[in-house]
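Peer 1: Quick one: this structure, given as structure tokens, is what I'll be asking you about.
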Amino acid sequence: MPIKLSKRQLEILEIVKEAGPITGREIAEKLSLTRATLRPDLAILTMAGSLEAKPRVGYFFNPQSEVRQSAANLAKQIVNNYKAHPIVVQKSASVYDAIVQIFLEDVGTLYAVDKDGLLAGVISRKDLLRAAIGNNNLEELPVSVIMTRMPNIVTVKYDESLLDAAKKLIHNHIDSLPVVREVDKEKDMYEVIGRITKTTITRAYVELLEI
């Protein structure tokens, strides 16, 4: 993880961003300090990869360091701070009702819950499309017939990191994760308290880049 920079080190970075390449002597003059005073700070910034130095040229800013910092900030963010409201249906609801809801809510995935409000299944647009093709009884067909059931549902806990969530989305080739609170792990009983999607991850990254 990146080190926490001091106020003076941040000032040095801003100077190098604006005026680089720039020598250590010139940086010292801008801060009204001696070169000897700045040497430890310049060494730290260079070893951290924030600055690069070339003999007889000076220091210049490494833009990749900001990307690494932003990625590191994203990795530290907790799912609970970015989760969206979950869109749920009763597992006894009809496929027709699920189709209506998924388009009204403009989401790609619905979460099916049982009578106690616990996660019972996941229904994607593909599941609904597959059920709709050649089926004339969508109002009688319950979503419990077509949904992915526990324990085959990939979930993310509210206290996991966004990096963990992103890895699960990528590794499992899915677009949405139900954010859950554990009720009984042995019985695969979870309360749905939110959702994380690829859009959620992208929005979080953009927000962190704009800070």
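The values are calculated or read from the model by the stated rules, or taken from the named source; none is laboratory data. Computed from a predicted structure; not experimentally measured. Using ideal geometry, Cβ is built from the backbone for each residue, glycine included, and neighbour counts are taken over all protein chains shown. Side chains included, ligands, DNA and RNA excluded: accessible areas come from the protein's heavy atoms. Shrake-Rupley method; radii C 1.70, N 1.55, O 1.52, S 1.80 Å.
Peer 1: Just the residues that are outside any strand (DSSP E or B), touching a helix residue (DSSP H, G or I) at 6+ places or on another chain (Cβ under 8 Å) and either open to solvent by less than 90 Å² (accessible area, probe 1.4 Å) or touching a residue at least 24 places away in the same chain (Cβ under 8 Å) (or both), please, taken from region 100-126.
Peer 2: Ile102, Gly108
Peer 1: Based on what the data block shows, is Tyr190 of a type in the set (Phe, Trp, Tyr), within 14 Å of the chain's Cα centre (by Cα) and surrounded by 14 or more Cβ atoms within 10 Å (Cβ to Cβ)?
Peer 2: For Tyr190, the condition - of a type in the set (Phe, Trp, Tyr), within 14 Å of the chain's Cα centre (by Cα) and surrounded by 14 or more Cβ atoms within 10 Å (Cβ to Cβ) - is not met.
Peer 1: Here is a follow-up. For Val192, indicate whether it is in a strand (DSSP E or B) and either in contact with a Phe, Trp or Tyr (Cβ under 7 Å, 6 or more places away or on another chain) or free of Cβ contacts under 8 Å to residues at least 24 places away in the same chain (or both).
Peer 2: Against the criterion (in a strand (DSSP E or B) and either in contact with a Phe, Trp or Tyr (Cβ under 7 Å, 6 or more places away or on another chain) or free of Cβ contacts under 8 Å to residues at least 24 places away in the same chain (or both)), Val192 qualifies.
Peer 1: Another question, if that's okay. Sort out which residues of region 193-206 are more than 11 Å from the chain's Cα centre (by Cα) and open to solvent by 20 Å² or more (accessible area, probe 1.4 Å), and write them in order of number. Working first, answer last.
Peer 2: Within region 193-206, the first condition is being more than 11 Å from the chain's Cα centre (by Cα), and the residues that meet it are 193-195.
Those that are more than 11 Å from the chain's Cα centre (by Cα) and open to solvent by 20 Å² or more (accessible area, probe 1.4 Å): Ile193, Arg195.
Peer 1: Name every residue in region 162-184 that is open to solvent by 10 Å² or more (accessible area, probe 1.4 Å) and not in a helix (DSSP H, G or I), in order of residue number.
Peer 2: Asn172, His173, Ile174, Asp175, Ser176, Arg181, Glu182, Val183, Asp184
Peer 1: Here is a follow-up. For region 10-99, which fully contained helices (runs of 4 or more DSSP H) count at least 1 residues that are at pLDDT 90 or above?
Peer 2: Filter on region 10-99 gives 24-31, 35-47.
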